[in-house]
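Below: the structure, in structure tokens.
No lab work stands behind these numbers, since they all come straight from the coordinates. These numbers were taken from a predicted model, which means no experiment stands behind them. Neighbour counts run over all protein chains shown; Cβ positions are idealised from the backbone, glycine included.
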Amino acid sequence: MMKKDSIRALYNVLLRYGLIIFSVFLIPLFYILLKPLTVNSLYFITHFFYNVAVNESVLTFFISGTSFNIEIIDACVAGSAFFLLLILNLSTKGIGLVKRIYLFFFDALLLFLVNLVRLMVIIPLYLQESAFFPIAHQIFWYGLSILFVIIIWLFGAWVFRIREIPVYSDVFWIIRKNKKAQ
């Protein structure tokens with residue numbers, strides 16, 4: 001027979017993973033919130049350096065009589081990276097609700113800022129029609145995006161003193177409880 005604390009912990013595990021499954025349906029919300037925030041933040045930053053206009057999700061840069069359009073598409077706002085942070089957050093046991101919320105917003109803010117820096121690095125390459133733009137874009141997109149998420153997660157876990165490992169700690173706890181019950 002399971003103790004009351006063990007039953008509560010099991011419900012906590014089921015609730016957190018249920019939230020992960022449910023949150024899959026909320027992925028479009030990440031893009032709805034992040035796209036205008038990213039576009040307007042980029043406009044705010046770039047207008048100090050360039051003659052730029054914004055129309056919905058397109059930034060138009062006017063340089064020496066030539067205009068360059070940069071459309072900020074869903075992939076640019078890294079919504080899936082924010083979702084990965086949410087999964088890491090929800091799949092980590094032993095975090096209270098308030099701390100979990102603070103941790104997610106801390107990590108999300110860091111990821112948002114890192115993404116803005118990423119875009120600010122590659123935009124000038126595009127505007128200068130640099131031969132390095134395609135490779136820089138690919139390196140940032142494929143190579144560094146997951147690395148950024150992992151580093152941000154680890155940094156947030158360090159700041160908030162999280163000692164559990166996502167998924168692993170839950171699986172290990174369930175296996176240990178199962179062995180004790182037998």
State the three equivalent ellipsoid semi-axes of region 4-176, derived from the C-alpha gyration tensor as the square roots of 5 times its eigenvalues, in descending order and whole Å. 39, 15, 13
The chain: DSSP helices with Cα axial extent of at least 27 Å and average Kyte-Doolittle hydropathy no lower than -0.5: 4-23, 27-46, 97-127
Anything over 28 Å Cα to Cα? Flag those among Lys93/Lys179; Lys3/Lys99; Lys99/Lys179, in the order listed. Lys99/Lys179
Given the rule -39500 (n - 2.57) for each run of at least 4 DSSP H residues, summed and divided by the residues of the chain, what is its mean residue ellipticity at 222 nm, to the nearest 500 deg cm²/dmol? -22000 deg cm²/dmol
Taking 0.36 nm per residue of separation between Leu109 and Ser67 and subtracting their Cα-Cα distance, the length gained on full extension comes to 12.0 nm
Give me the tail of P(r) for region 13-112 as a percent: Cα-Cα pairs with distance above 16 Å. 63
Karplus ³J(HN,Hα) for region 54-67 (6.51 cos²θ - 1.76 cosθ + 1.60, θ = phi - 60°; Hz, whole; x = Gly/Pro) runs 10, 9, 6, 10, 10, 9, 10, 9, 10, 10, 6, x, 10, 10
Loop-only check: which chymotrypsin sites (Phe, Trp or Tyr not before Pro) in region 17-54 are DSSP coil with at most 12 other Cβ within 10 angstrom? Phe48, Phe49
Determine the gain in length on full extension of the stretch Ile150-Phe49; use 0.36 nm per residue of separation and subtract their C-alpha separation, reporting nm with one decimal. 33.2 nm
